[in-house]
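One structure is given below, encoded as structure tokens.
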Amino acid sequence: MDLIKEERRKTKNIKIRLLVENAQLSCRKFFKEDYQYCDKEAIEELGLDSELIDQLVEDYVIQIIKSGDYFREYLSELTKEEADLIELNFTPFRELAHKNLGVARNLRIKDSEKILATLMKSDDLAKLDECLSLLESCVIKLKPMSAYAALELIKIKSKLN
């Protein structure tokens, strides 16, 4: 029994490591630097302790991973509207981006702020799709274990539906 648990743990660690490596590569390509989040600014400006900031960042990571499905659904609707030559309605997409941008700004997560600001402004559907993938990479890099757990939960839920 312990051997099975050990193998599962090793497999999980390999998956997380690959997830992080891919996320780091994506982020470096876009930002041309290796951004590392530091909670010091959020702690000082918000007057919260490190543990609470850490929990809020973890919640943010899970929120972004879960929001990915909604973003992609809205993007799919926009693509369909574009194909049908209908005026594009970016409102639901931008409202979701705005909500997440507020959290990123409060927590001083600079890379997410930049991407979400682009999601708020751009009308280029291909660029929006690229930014969504990049946003996911940024949060994976931020809290790999939380991101992995959220992604795995989404996979399980999608198999049940």
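All of the numbers you see were taken from the coordinates with simple rules; none came from a lab. This one's a predicted model, so the numbers in the text were calculated from it and none came from an experiment. For neighbour counting, all protein chains shown are included, and Cβ atoms are generated from backbone atoms with ideal geometry for every residue, glycine included.
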For the chain, what's the relative contact order in percent, using C-alpha pairs closer than 8 Å and at least 6 residues apart?
34
Across 5 Å bins from the origin, how do the percents of Cα pairs in the range 27-74 run, short distances first?
5, 17, 16, 16, 21, 16, 7, 1
Taking neighbour counts of Cβ atoms within 10 Å as a proxy for exposure, in what order, fewest first, do MET145, MET120 appear?
MET145, MET120
Sort out the exposed loop GluC sites (Glu not before Pro) in the chain (DSSP loop, at most 10 other Cβ within 10 Å) and tell me the longest stretch that has none.
88-161
Across the Cα atoms of the range 2-160, what radius of gyration and what greatest pairwise Cα-Cα distance (Dmax) are found, in Å?
17.1, 59
Relative to the present Cα-Cα distance, how much length would full extension add between ASP69 and ASP34 at 0.36 nm per residue of separation?
9.9 nm
For the range 1-85, which trypsin sites (Lys or Arg not before Pro) pass both filters: DSSP loop (anything but H, G, I, E, B) and at most 10 other C-beta atoms within 10 Å?
LYS32
Give me the distance in nm between label points sitting 7 Å out from Cα along the Cα-to-Cβ direction at LYS15 and MET145, one decimal.
1.6
